[in-house]
Every structure is written in structure tokens, then in C-alpha cells.
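Let me begin by presenting the structure, written as C-alpha cells, before commenting on it.
Read-outs: derived from the displayed coordinates by stated rules, not from any lab. From a predicted model like this one, the values you see are computed outputs, not experimental measurements. Ideal geometry is used to build each Cβ from the backbone, glycine not excepted, and the neighbour counts take in all protein chains shown.
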Amino acid sequence: MAVTFLLTIASAAQASPVAIASPAAPQAALQAAPQAVPQAAPQETPADSSQSPSSSGVDIGDTLVSDIVALGADALLLYGAPARWTTRDWAIAGGATALGLGAMSVDDDVREVALRNQGVDGDAIAETANWFGTWTPALAISGGLYVTGLAFDWPVIRIAGRHVGQSVLYAGLLTTTIKVVAGRQRPLFDGGPFVFDPFTSDDSNHSFISGHATLVFAIASSLSADIDHPAATVGLYGLASITGLSRIYTDRHWASDVILGAAVGTACGYGVSHLHDALDPSGSSLLIVPGVDRLTMIWTF
């Protein structure tokens, strides 16, 4: 039997803290205390702190504050996700890691194939595809969706834009850390796939993992999860894959760099979009839901 404890810390103008202890799931606890947590818009999860549309009386300024606060809260949830993983989650993560590390054994062979097939047409495709793995399209997509959703009071669009921004931010921070710690030499310097100089700031030793692959797969997985349509999924992941292959084609990354970069980006994008889907009522978990004028903590055990 799962017990849920809900505590709301509100501003002075609001009601006093509320505590609920019951054998109900966290979602039921939220529904049982409608004054403690702002009501969500249709088709949005009640646990997502971003879902406070202006149509329910919350103005644009309050929505912006709520979304900014959620950046930090969601980062803690995402980076702490491994502590809540199931056996299936660990199996997927382990399989992706094993695939990426195993690819190191064929990095030289893949590079030779890529270099042999370089040409004018391939160069043109690679130049365009590489651009999609930079911060410019990431910020344009995120900002465009967010501003549009905010201006026209379309919460689903606004949240999709915020999810893209969060995904590339969290994935980018993680990837940058890995690059510096690993210090793997890029293939174009001909040192081989096993040359490492840890904790260096030299970009020539920032091959592992691919930042372009991380960003483009973070965007693709986030949008794919929010759009939830097969055609969008195929198109988004297809474009992301071309960008990843282009990094190998231009000799900027080893194949293993791209595989693991794609894995990190996908995990962050999918993870952010599904961060507030539900809590496991059979396990122990702590969820912090920031609001405009209150902070709600839900502990299930």
C-alpha cells in the first residue's frame, strides 16, 4: 500500500500549509487538494508546474516566473532520474552505453569508409546537416514555439517550446562535462581512436561525445514525444541521424562519439517531455512542484 504525503508552502496571502496522508496515488492527492496546486489545462498533466495558462487567470508574467522556476526543479528531477530507474531503464541505458563503447573497436574502419566517400554533393549535405546540430536552430525552435504559445495562450505549444529549451540545455551541460573529462582527440588529427587527454580545454580533444549529435537528438526526441505522431517521429529522427552521420563524414567525430551523443540527447529530450507523466504509486519518490506563489512537495512511500 502506497502512502502519499502532500505539503504546500504558500505565500502569506494564500491558505496555510496543507498535509495529506492517504493510501492514494500522488495524482489523487493533487486532485484532493485543488487549492494547493494550480489547476492544469486540458490535456496537460497536473504535476507539471509549467501548466498554468493565462486563460485561468494567471498573467504572462506569472507564467514566465513559473517556467523559470521549473527549469531548476526539472533539472534536479532529470539528473536524479537514475535513482528512480527500473530494471528495464537500466537495461536500455546499459545497452546504449555498451553499443557506443563497443563501436570504438570499429571507429577506424568507419572513418576510412567515410573519408573514401567524400565528395562535392556529400559536402553540401553535410554542411547543411551540421548546422542543425548547432545552438542557432535549437534556440530558434525553442524560442519560436515558446513565444507563440505564450502570446496566443496555447499552453501545449508553449510547453513544447520549453521542453525543447530544457532538453538542449540539460543535454548540453552534460555533454560539455563529458567532453572535458574524457579529453578524446578528434579523428582529423590522425592520432587514432584511443588518444585521450582528460580535463583539457583544447577543442581538438573534445571529440567524446558529439555535441552536435547530442543537441539534434535532444530536439528530435523532445518534439517527437510532444507531437506523438509516427510521421513526425520518423522525420525528426531521420534528420537527426543525417546530422550525426555528417559529423563522421566531416572527420570531426568518431562513430562512437556520435552514437553516445545521440543516446544522451535522446535520453534528455524524452526524459524532459515525460518527466511529469506519473509517479510510481508502488515505490518511494519525492516530487517538488514549484508554482507562482507556492511550493508543493509530494512524498510517496
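Things worth noting here:
- Extension reserve of the THR233-VAL69 stretch, reckoned as 0.36 nm per residue once the Cα distance is removed: 56.1 nm
- Label point distance in nm, ARG88-SER204, each placed 7 Å from Cα along Cα→Cβ: 4.7 nm
- Residue-span extension gain [LEU173 to ALA98] - 0.36 nm each, minus C-alpha spacing: 24.8 nm
- Which of THR136, LEU115, ILE157, positive extreme of dipole for region 95-189 (C-beta unit charges): ILE157
- Region 202-246: relative contact order in percent, alpha carbon pairs under 8 Å with at least 6 residues between: 44 percent
- Equivalent ellipsoid semi-axes, region 227-272, via Cα gyration tensor eigenvalues times 5, rooted, Å: 22, 14, 5
- Taking other residues whose beta carbon is less than 15 angstrom from the beta carbon of GLY143, and scoring Lys, Arg as +1 and Asp, Glu as -1, yields +1.
- Between ASN117 and LEU188, the FRET efficiency estimated from the beta carbon spacing at R0 = 22 angstrom works out to 0.85.
- Extension gain for ALA140 to VAL180 (0.36 nm times residue separation, less C-alpha to C-alpha distance): 11.7 nm.
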